[in-house]
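What follows draws every value from the coordinates through simple rules; no lab data is involved. These numbers come from a predicted model, not from an experiment. Cβ placement follows ideal geometry from the backbone for every residue including glycine, while neighbour counts extend to all protein chains displayed.
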Amino acid sequence: MSEADNTADFIFPHQHLLGIEGLKEQDINHILDLADQYVEQNRRTNKKTDILTGLTQINLFFENSTRTRMSFELAGKRLGADVINMSSSGSSITKGETLLDTASTLNAMQPDLLVVRHGSSGAVMLLSRKVNCAVLNAGDGKHEHPTQALLDALTIRRRKGKIARLTIAICGDILHSRVARSNIHLLNIMGARVRVIGPATLVPENLKELGAEVFHDMKEGLKGCDVVMMLRLQTERMKGGYFPTISEYFTLYGLDYNKLSVAKPDAMIMHPGPMNRGVEIDAEVADDLTRSAIKEQVEMGVAVRMACLDILTRKKRGAGK
Amino acid sequence: MSAYTLYKNARLLDPESGLDMIGQIMAHKGKIADLGKEITAPNNANIIDCHGKCLCPGLIDMRVFVGIPGADYKDTIENTGDAAAAGGVTTVCVQPVTDQIMDDMARVEFLENRAKKAKVNFIPFPAITKQLEGKEMAEIGLMSKAGVKAFTDGNKSIANPALMSRVLKYASMFDALIIQHLAVPELSENGVMNAGALATRLGLPGIPTAAETIMLERDIRLLKSVSTRYHAAQITCQDSIEVMKAAKKNKMNVTAGVAIAHFALNEYAIEEYRTFTKISPPLRSEEDRVAVVSALKDGTIDVIVSGHDPEDPESKRVPYELAEAGVVGLETMLPVALELYHNGFMSLLDLLAKLTSNPAKIIGLKAGQLKVGYPADFCIFDPDAPQRIDPETMVSLTKNTPFDGRPVQGRILKTIVAGEIIFEV
């Protein structure tokens, strides 16, 4: 049986995609295999298929987002779904009451897929219990952002040919990052060696219990790494005093060629975006086409999200075995 | 109807005297008239056969929040009284945290008047500081003179050390009990659960145990120069327990309580963001929970409370970070506490002391003992009867219990206040 057939038969064992935690290596491999096929589709002139024709996808964003929402919108449209966006500026919907009211209202409109982002950890899980359709977590508070971890994994796998046994450093503001949490889970499941690097105020020591080695010295942490994942400094979530100044932060934790020199010569650089140039990453490094995979990540994002929308609707569509 | 009621064939349990025997106890005009193996009762006495079940002093709960005045939709005094009765609790100590803060004599009297309609005794614990703001002292002197025995800012700490120092000095003149909620605001106000690996994994802001222990250490330091009676409302971690243990060893006038949730659950009860597990202080690690059990056993912790805090469903049906803290507990307090007895950690009498005689002595109430002249407030229960905690069968209007579905052993059969049966199954 060819690999493609294998992917076509895959049935995802969960109703929703709420996080990476709880997924199995084979689930992740299947999603990545399928996403590889969608990368090819997206590079054709005609990018559209009709597998989701007749299905309705609602993107429900309680937190501002441009790139993730657009990525999901493109993913849905390229598969032929009817896609509707519903955003709320932070202030109007912050109370959970409204969250569940919104959920039940939308549920009554019979959507098949709900893509949800919310500022509170656990909010998407709460919502998923109140609706009948598949729910896809597009980021909940500081908890998880599963499609980001999946697109990162796809980017790594395509460049390095594997994920297992690679040494991967996640750098910067881990404390406030759902991307870091999802990546730590995913890379552990796939057998990579995970390091986290950042100041002690932004890197909880107990990350060891989640399967990451903790470093506070950037060069020490980057030594011998295959992949360097930078994170955005989420100053909007910080109420004062996590580090003294931006310039001190950049000096100690900003990725530049000097610090990068201790990583493997072919180490690739990633960033989930949006970047703060000169804060967590030097502009030259970010634009270095041989090292930086940042643009590729955006491309992989659409493909991975198409794969997720596909597998979450397979039972409903009678696809797969 | 005779003025005398004889409870016969009861397993009398009095923690204070160590009494544990099958016998009889007689109530007359709301008080205990006599007790013993075989007592002589008037011919016309009402006789109630207890069938060998346990009869102990009615439970005294030092930490109960009510909706009144101002938030009747959450709870009413009557309903709190009914829930207490169903839990064998005959005395409820009301925290000042209501919509209209109980911080002066007028509001204390309002509560006492409303409480006359309820089936159990209500003891007001008014605020230490005006409006619970932690800035100015409430009228501790006037309220003490009018009979108030204890003061607390409920679920807020007196954070300012200068004010706390003055409060302790001032309260000592009236022998008032000062009850402190232990949480350094700056370390706890943004947190929603115990700080640690689980909080990191769930992406929820944590409250370190240091928030509690630092406040306790500071208060103990301030207490070295005054003789005020001080009660730590809840201590929930190993570090605080060590501080409390040392203070007691130094013969300081300090006592401590703990809520049932803190020795019966750990932080993992939160899994999948169950908002019914959100309380203050938060559920702690398993190591801390085990330490709390040991501290109950060795006497470092004197009192068990329900921490009963009704929250309406709407304030719990939200993401964890946005949910109100608070769980109901009056009806589950004894069955859950009995786990300590069934698991062999404590004798029945030692456990009951934390629910009856100890709180009475700390507050200064003539209650909590089976003794002639004391109130005829009893709890009759079967310590072995199995049941599964079911919110649907609870009397409490709000059902926010973290013990939903938990199998327990122990059932309240009858609750008696001032000689009257106010609850029976």
Exercise for the section: Run down the lysines and flag those whose C-alpha is under 20 Å from the C-alpha of B:LYS135, throwing out any fewer than 8 positions away in its chain. Expected result: B:LYS156, B:LYS169
Problem - 222 nm mean residue ellipticity, helices alone, for chain A (DSSP H n ≥ 4; -39,500 (n - 2.57); rounded to 500) - result: -11500 deg cm²/dmol
Exercise for the section: Could you tell me which of B:ILE301, B:PRO281, B:LEU330 has its Cα farthest along the dipole of region B:253-341 towards the positive end, charges placed at Cβ (Lys, Arg +1; Asp, Glu -1), taken about the Cα centre? Expected result: B:ILE301
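Over the whole of A:113-122, what's the average partner chain Cβ count within 10 Å per residue? Rounded to a whole number, please.
Working: counts 0, 0, 0, 0, 0, 1, 3, 10, 11, 14.
Across A:113-122, the average partner-chain Cβ count within 10 Å equals 4.
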Exercise for the section: Using +1 at the Cβ of each Lys and Arg and -1 at the Cβ of each Asp and Glu in the protein assembly as shown, identify which of A:ALA75, B:ALA45, A:LEU222 lies farthest towards the dipole's positive end. Expected result: A:LEU222
Exercise for the section: Could you tell me how many degrees, from 0 to 90 and to the nearest 10, lie between the Cα long axis of helix B:210-222 and the main elongation axis, the longest principal axis, of the Cα atoms of chain B? Expected result: 80
Problem - Residue with peak Gaussian network fluctuation, chain B [Cα springs, cutoff 10 Å], from B:ILE412, B:ILE128, B:ILE48 - result: B:ILE48
Exercise for the section: Quick one: which residues, 5 or more positions from A:GLU213 or on another chain, have an amide H under 5 Å from its amide H? H modelled 1.01 Å from N in the peptide plane, none for Pro or chain starts. Expected result: A:VAL194, A:ARG195, A:VAL196
Handout entry: Long-range amide H partners of B:ALA138 with built H, under 5 Å
Key = B:THR129, B:LYS130
Practice task
Considering Cα pairs under 8 angstrom that are at least six residues apart, work out the relative contact order of region A:158-215 and quote it in whole percent.
Solution key: 38
Handout entry: Too-long pairs where the Cα-Cα distance tops 26 Å, listed order kept, from B:LYS248/B:LYS354; B:LYS149/B:LYS251; A:LYS130/B:LYS399; B:LYS117/B:LYS297
Key = B:LYS117/B:LYS297
Handout entry: Cα centre as origin, Lys/Arg/Asp/Glu Cβ charges: chain B dipole, Debye
Key = 1200
Practice task
Please list the non-local residues whose amide H lies under 5 Å from the amide H of A:MET229, H modeled 1.01 Å from N, same-chain partners needing a gap of 5 or more.
Solution key: A:ALA169, A:ILE170, A:CYS171, A:MET270
Fill in the blank from the handout: Simple spin-label estimate for A:ALA283/A:ALA200, 7 Å along Cα→Cβ, in nm, reads 3.5
Handout entry: Among B:SER172, B:SER17, B:SER357: highest mean-square fluctuation, GNM of chain B, C-alpha pairs under 10 Å
Key = B:SER17
Exercise for the section: Using only atoms on other chains, find how many Cβ atoms lie within 10 Å of each Cβ of peptide A:98-110 and report the average. Expected result: 1
Problem - In sequence order, calculated HN-Hα J values of region B:372-377 (Karplus, 6.51, -1.76, 1.60; Hz; x Gly/Pro) - result: 4, x, 7, x, 7, 9
Fill in the blank from the handout: With DSSP loop assignment and no more than 14 other C-beta atoms within 10 Å, the chymotrypsin sites (Phe, Trp or Tyr not before Pro) in region B:6-103 are B:TYR73
Exercise for the section: Using a 10 Å cut-off on Cβ to Cβ distances, tally the other chain neighbours for every residue of B:321-331 and report the average as a whole number. Expected result: 2
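At most 13 other C-beta atoms within 10 Å and a DSSP loop state: those are the exposed trypsin sites (Lys or Arg not before Pro) I care about. Give me the longest piece of chain B that has none. Mind showing how you got there, number by number?
Values: sites that count: B:LYS29, B:LYS37, B:LYS116, B:LYS117, B:LYS135, B:LYS251, B:LYS366.
Free of exposed loop sites, the longest segment is B:136-250.
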Exercise for the section: Kindly write out, for region B:393-405 in residue order, the coupling ³J(HN,Hα) from the Karplus curve 6.51 cos²θ - 1.76 cosθ + 1.60 (θ = phi - 60°), rounded to whole Hz, with x marking Gly and Pro. Expected result: 8, 6, 6, 3, 4, 9, 10, 6, 9, x, 9, 3, x
Fill in the blank from the handout: Taking the dipole of region B:46-128 about the Cα centre (Lys, Arg +1; Asp, Glu -1; charges at Cβ), the one of B:THR76, B:THR90, B:PRO124 that reaches farthest to the positive side is B:THR90
Completion exercise
In whole Hz, the Karplus estimates of ³J(HN,Hα) for region B:138-146 (6.51, -1.76, 1.60; θ = phi - 60°; x where Gly or Pro) are 6, 7, 4, x, 4, 5, 4, 4, 7
Practice task
Before anything else, pin down the relative contact order of chain B: Cα pairs under 8 Å, at least 6 apart, normalised by residue count, whole percent.
Solution key: 19
Handout entry: Crossing angle, helix B:105-115 versus chain B [Cα axis fit, 0-90 degrees, rounded to tens]
Key = 40
